[in-house]
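The values are calculated or read from the model by the stated rules, or taken from the named source; none is laboratory data. Please read all numbers here as calculations on a predicted model, not as lab measurements. Cβ: placed from backbone, ideal geometry, glycine included. Neighbour counts: every protein chain shown. Please note that ligands, DNA and RNA were not included when accessible areas were found on the heavy atoms of the full protein model with its side chains. Shrake-Rupley method; radii C 1.70, N 1.55, O 1.52, S 1.80 Å.
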Amino acid sequence: MSARVIAIDGPSAGHSQRLEGDLLSIGRESSNGLCLDDPTVSRQHCELRLGEAGWTITDLETRNGTFVNGVPVRSRLLADHDEIRLGGSRLIFVHDDSAVPTGTAAAYAHWGQATRTIKASPSGSRFLGEEALEDAQCQGSRYRHELAALLNLSTQISQSRTLADFECYLMECAFTTMPAEAGALLLTDGETGVLNEVRGWGRQGRGCPAPALPMEELQSVAEKGTALLLQGSNRATSLLAAPLASAEAPGGVVALESSPGSDPFDSSHLEWLSAACVIAAPTLAAIRRFEWLESENRRLREEMSQHCNMVGDSPAMGELLRQVARSAPVDTTVLIRGETGTGKELVARAIHAGSPRSGRPFVAVNCATLSESLLESDLFGHEKGAFTGAVAQKRGKIEIASGGTLFLDEIGELAPALQAKLLRVLQEREFERVGGTRSIRADIRLVAATNRNLEEGVQAGTFRRDLYYRINVITIEVPPLRARREDIPLLASYFLAKYAGKLPRRVLGFSPAARWRLNAYDWPGNVRELENTVERAMVLGTQDLIQVEDLPEPILERDPPPEMGESRYHDIVKATKRSLILAALSGAKGNHQEAARQLGLNPTYLSRLIRNLDLKTAIDPSAEN
């Protein structure tokens, strides 16, 4: 005896395939053991494999999926007479030849031979009319029982907060009210609208196997929003199906099956199930919308967390990450210090992402970009008419950040008047809008950053001493890039991957000489300068590898090791720079300021050139200031 699969629907309907050996592949390609000429079936759709426990069907990661008895499966042990659906084709699995029916395979399509079909619009159910309660006075006890069940369902279903609660309320009410023996709640895919999730139910409750269902008919119920009553071919079973359709989109279908020994369904049962689904559909839509929003929120938080990941495995970076991890869970104010371009905002975002406030806003304000009056309005907001141009009330960044984190970048640039107002926010946890009189609660965590020496500002009187002590609770120093040179190759590769997708050509990496130049440079602009350098080199370069000539001129000033080699052009450029600088210093008698003026350079840049070109040893120590 051998097993078979019999096609009962689709282009290959009527074909019977014996399972020989221990493997049968099924798909659209002719190379398969069973070829289905069905465009909705994948080229290699699924396979049936014989094991110790029997035949197992495995989906081959197809787009349309593999369904057994209406349930999507990845891998499942088949039982006798299981229905397999692949796209628009349906197959029946039978264990041996004795189980193969005489006559056409379509006889397996039990519901396809329905002797009676009733279709109805759910909105037309008499249970939903204004006269429903009046009818209850003259109708029999069955009608009153069914109406009472609907009223009870409408009360319970609104309390559902999860899909499991919704399913339990709806299906338990259906099985209590209707003469059903088995059934299922079928849910649609949010994007395609296809019924792809089947939750079996029985009189015993949730988790029962779903009955064999006519999926094409149920898909039509979901799409057209029309309820359906089918009388089975043996006239002893009947099937009800009603759509769970909201104003937004089809949500699913409720299907109930009666069996021999129970009363068959009639049109009144169809009206009741239709009414129940009309009542339940808005709740289902709300729950699925809420689940989607939660999923989207998790995705955005994960994405934000990925953006907050800081690249590097140097000891300095490891210490920075440890400080971030220790300071994130508490609500203490943090002051982040470091040079321009070191990634202070990235550190602030990492602190926020690891804090209990991570689900609330992260609001960043750069204190150096706006004038005092504009920054005050931006931070604290203003009332309508507070000043010329204030045509409406505006919430400030402090108010917008309520419950979350307020990041003040370049806090050393704050004007004295704003420093006093910020101090009150930190002390009293309240503020007023510009032109307002009502105090507003400031539920924020403050993270500040600066590249200035605030201690010097306190001594000079440009930064309030009391505010300094308020923000200098936890201090995190972000090391400059030259202090963690081990991270330069990692960062360069990270930025290379970041911009690779934006270019029409392929860039694989850096040449050894270019990589050496990146590592040798001091990066006064730190990580921001490195990112801009990599992007520029990728845009201007023409080869698969970024070459030395693709890098900006300042990076080429330091001599490479002899084994790297060097072009004559770069030798001449550096020799000329050395000659000009030495001549200017000689003419200025060693005065760096005067030499920089003669060369038309910034004194800081001149000092960097002297360091990068190794000119200190060439300058007469007695002539240096």
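Computed from the C-beta positions of residue 22 and residue 189 and an R0 of 25 Å, the FRET efficiency is 0.15 to the nearest 0.05.
Label point 7 Å out from residue 141 along Cα-to-Cβ: which residues of region 174-189 have amide N under 20 Å? In region 174-189, the label zone of residue 141 (backbone N under 20 Å from the point 7 Å along Cα→Cβ) covers 175-180. For region 311-450, pairs of C-alpha atoms spaced more than 25 angstrom apart make up 29 percent of the total. Take the Cα of residue 123, go 7 Å toward its beta carbon, and the backbone nitrogen atoms of region 254-280 under 13 Å from that spot belong to 278. Counting only lysines at least 8 places from residue 421 when in the same chain, those with an alpha carbon closer than 21 Å to its own are 384, 394, 397. In whole angstrom, the chain maps to an equivalent ellipsoid with semi-axes of 71, 38, 18, each derived as √(5λ) from the alpha carbon gyration tensor and ordered largest first.
With R₀ fixed at 41 Å, the C-beta to C-beta distance from residue 290 to residue 455 puts the FRET efficiency at about 0.20. Computed with a 1.4 Å probe over protein heavy atoms only, the accessible area of residue 373 comes to about 80 Å².
The residue 77 and residue 249 beta-carbon pair, evaluated with R₀ = 41 Å, returns a calculated FRET efficiency of approximately 0.75. Taking a sphere under 11 Å around the Cβ of residue 386 and counting the other residues whose Cβ falls inside, with K and R at +1 and D and E at -1, yields a net charge of 0.
Rounded to the nearest 20 debye, the dipole size of region 372-455 about its Cα centre is 340 debye, using +1 on the Cβ of Lys and Arg and -1 on the Cβ of Asp and Glu. Would you list which lysines come within 29 Å of residue 577, measuring only between C-alpha atoms, while excluding same-chain residues fewer than 8 positions from it? Filter leaves 589, 616.
Each label point was placed 7 Å from the Cα along the Cα-to-Cβ direction; for residue 262 and residue 485 their separation is 7.9 nm. Computed with a 1.4 Å probe on the full set of protein chains, the accessible area for residue 535 sits at about 70 Å². Entry comment: accessible area of the chain is 49 Å² per residue, from protein heavy atoms only and a probe of 1.4 Å.
Within the chain, antiparallel bridges make up roughly 75 percent of the DSSP beta bridges whose residues both belong there.
The accessible surface of the chain, taken with every protein chain in place and a 1.4 Å probe, is 50 percent carbon and sulfur. For the pair residue 438 and residue 597, how long in nm is the line joining their label points, each one 7 Å along Cα→Cβ? Modelled inter-label distance: 6.0 nm. Our helix-only sum for the chain, with -39,500 (n - 2.57) per DSSP H run of n ≥ 4 divided by its residues, gives a mean residue ellipticity at 222 nm of -11500 deg cm²/dmol. Averaged over every viewing direction, what's the projected area of the C-alpha convex hull for region 399-470? Give it in nm², one decimal, please. For the Cα atoms of region 399-470, the hull's average projected area reads 4.9 nm².
Here is the list for region 480-564: trypsin sites (Lys or Arg not before Pro) lying in DSSP coil, each with at most 13 other C-beta atoms within 10 angstrom of its C-beta, are 502, 505, 506. Full extension of the segment from residue 391 to residue 43, taken as 0.36 nm per residue of separation minus the current Cα-Cα distance, would add 118.9 nm. The slack between residue 583 and residue 615, meaning 0.36 nm per residue of separation minus the straight C-alpha distance, is 10.3 nm. What distance in nm separates the two pseudo spin-label positions at residue 223 and residue 429, each 7 Å out from Cα along the beta-carbon direction? Result for the modelled spin labels: 5.8 nm.
Counted residue by residue at 0.36 nm each, then reduced by the alpha carbon distance between them, the extension gain from residue 52 to residue 371 reaches 107.0 nm.
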